[in-house]
Amino acid sequence: MLNSSQTIDPQDLPLTGRQEHEAAKVVDSLINRLGADAAFGNPISSNGHVLIPVAEISTRFGFGLGRERKISAKHNGDEERGRGGGSGGLAHVTPIGYIRVDDNKVSYIPIINKSRLTLFAMGLGSLLIWLVSRSFRP
């Protein structure tokens, strides 16, 4: 990743280097935007309590470049360069709990994701049934 002291002139890079440079700038920009402010929401005051929302942030990025050389009949048999590229990304923010601040007491209260808990229980139940059924085989 780039830091603020690095300066690169993209025109000095070969084509794939320029694309990689631009991709790195986009990823750095998104990561800088998804800092602590995205994970911790604005404090909410109510009835003498302060609640601070907490979220989990996950990101995924993918980049790809390609180039195929071929002989072009259009250009008197000269070699013609092919190229291509693509990128994609995802940022996902999920609330996971909140911090509660009372009179000189701070506590974290998680948000229970019932769907995730149900899927885990179903998977564990399936595994146990499979293990028990294997023990009864001759």
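The values are calculated or read from the model by the stated rules, or taken from the named source; none is laboratory data. What you are looking at is a predicted structure, and each value in this text was computed from that prediction instead of being measured. Every residue, glycine as well, gets a Cβ built from its backbone with ideal geometry; the counts of neighbours run over all protein chains shown.
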Within region 88-137, tally of residues that are of a type in the set (Phe, Trp, Tyr) and part of a helix (DSSP H, G or I): 2
Before we move on, is GLY89 of a type in the set (Gly, Ala, Ser) and out of contact with any strand residue (DSSP E or B) (no Cβ under 7 Å at 6 or more places or on another chain)? no
Please indicate, with yes or no, whether at least one residue in region 62-74 is closer than 30 Å to ASP37 by Cβ and either out of contact with any Asp or Glu (no Cβ under 9 Å at 6 or more places or on another chain) or modelled with pLDDT of 80 or more (or both). yes
Could you tell me which numbered condition SER87 fails, if it satisfies all but one of (1) modelled with pLDDT of 70 or more; (2) touching a Leu at 6+ places or on another chain (Cβ under 9 Å); (3) surrounded by 14 or more Cβ atoms within 10 Å (Cβ to Cβ)? (2)
